[in-house]
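Below is one structure, written out as structure tokens; comments come after it.
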Amino acid sequence: MSIKLLYGAAKDSVDAIRRNIMLALYAIILELSFIFLFGIFAIPIRDGIGKNLVYLGDEIASSSDIAGEATQGAILGSEYLQRIIMLAIVLAIIAYVLYSFFNGLIWNLCLRMAGKNQKTKNYLSRFFMANLIWFPLLAAYIVIDFLISYIETVGKRIEPDGSFIASKIVLIVLMVILYFIFISYIHLSEMSFWKSIKKSFGTGIKNALLLVPAFASIVLLFIIADFILSIAGRINFIAIMTSGIIILMPLMVWSRVFLCKVIEKL
């Protein structure tokens, strides 16, 4: 029954995009605009954080002969650490605003393709409010993932044959968070941001036997797309950019419409 329902939702989502091809194109343009603008702001800030991390590391190394308590005090009072924190806060604010604006518009278009005709202004305001709840969780994941990656990198130098599974566990946690986030985005078309968040847990848990395979099929398609892009990347930059626009962008639009159709059939 679930396979038949998922197949029906997949077919309906393709048909919905065909009937609303201009909305799909607008969504792709917004997707590309988000990536472009976020890159413009994020890359310099990321480089600034990386540069200050190097300076902070040099400062720690130069004070390593001092007692541990003094070294800790020097780190906490370091101007480089303060810069890193400030840059991270600025990056988080920029990411929140750009993500909420562009992805709110994209989800609104995808919901329209799926047959839900909510007002853009209302949906966008709810999207911003919902992300005030979800964004800190994603930010916490990024910080934890960075720390675990750093620890595992150091651990592999000490014990090359060691087994490290923490990063895999954190990735699973991210998938669970995204699972409920995307469900809540769909419910935003019908209710307030807070109700949509609460309902996302009820919908996600109650219908897990259907929704988990739906999400898994999307993840599988993205893995296949990533494999194709990796092959294109071996050719040249133009090949990978073209493949990304032709394959990845439509897939991102379809996946949203597909999830809308799946939840519609529950």
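Considering only residues in the range 55-70 that are part of a helix (DSSP H, G or I) and touching a helix residue (DSSP H, G or I) at 6+ places or on another chain (Cβ under 7 Å), the one that is modelled with the lowest pLDDT turns out to be 60. Residues that are touching a residue at least 40 places away in the same chain (Cβ under 8 Å) and among the charged types (D, E, K, R) within the range 1-18 comprise just one, 12. Going through (1) at pLDDT below 95; (2) within 17 Å of residue 95 (Cβ to Cβ) one by one, residue 33 falls short only on (1). Set side by side, the residues 158, 148, 144 differ, and just one is surrounded by 15 or more Cβ atoms within 10 Å (Cβ to Cβ) and at pLDDT below 80, which is 148.
Every condition in (1) outside any helix (DSSP H, G or I); (2) at pLDDT 95 or above; (3) not charged (D, E, K, R) is met by residue 257 except one, and the failing one is (1). Residue 81: surrounded by 15 or more Cβ atoms within 10 Å (Cβ to Cβ), in contact with a helix residue (DSSP H, G or I) (Cβ under 9 Å, 6 or more places away or on another chain) and modelled with pLDDT under 95, yes or no? So residue 81 fits the description; yes. Within the range 20-46, the set of residues being without any contact (Cβ under 8 Å) to a residue 60 or more places away in the chain and in contact with a helix residue (DSSP H, G or I) (Cβ under 8 Å, 6 or more places away or on another chain) comprises 41, 42, 45, 46.
Conditions (1) surrounded by fewer than 15 Cβ atoms within 10 Å (Cβ to Cβ); (2) modelled with pLDDT of 90 or more; (3) acidic (Asp, Glu), marked per residue:
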residue: 165; (1), (2), (3): yes, no, no
residue: 188; (1), (2), (3): no, yes, no
residue: 207; (1), (2), (3): no, yes, no
residue: 220; (1), (2), (3): yes, yes, no
residue: 239; (1), (2), (3): yes, no, no
residue: 246; (1), (2), (3): yes, yes, no
residue: 249; (1), (2), (3): no, yes, no
residue: 261; (1), (2), (3): no, yes, no
residue: 265; (1), (2), (3): yes, no, no
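Residues in the range 234-265 that are charged (D, E, K, R) and either free of Cβ contacts under 8 Å to residues at least 60 places away in the same chain or under 19 Å from residue 32 (Cβ atoms) (or both): 2 in all.
The values are calculated or read from the model by the stated rules, or taken from the named source; none is laboratory data. Every value quoted in this text rests on a predicted model; they were computed, and no experiment measured them. When we count neighbours, we look across all protein chains shown, and the Cβ atoms used for this are built from the backbone with ideal geometry, even at glycine.
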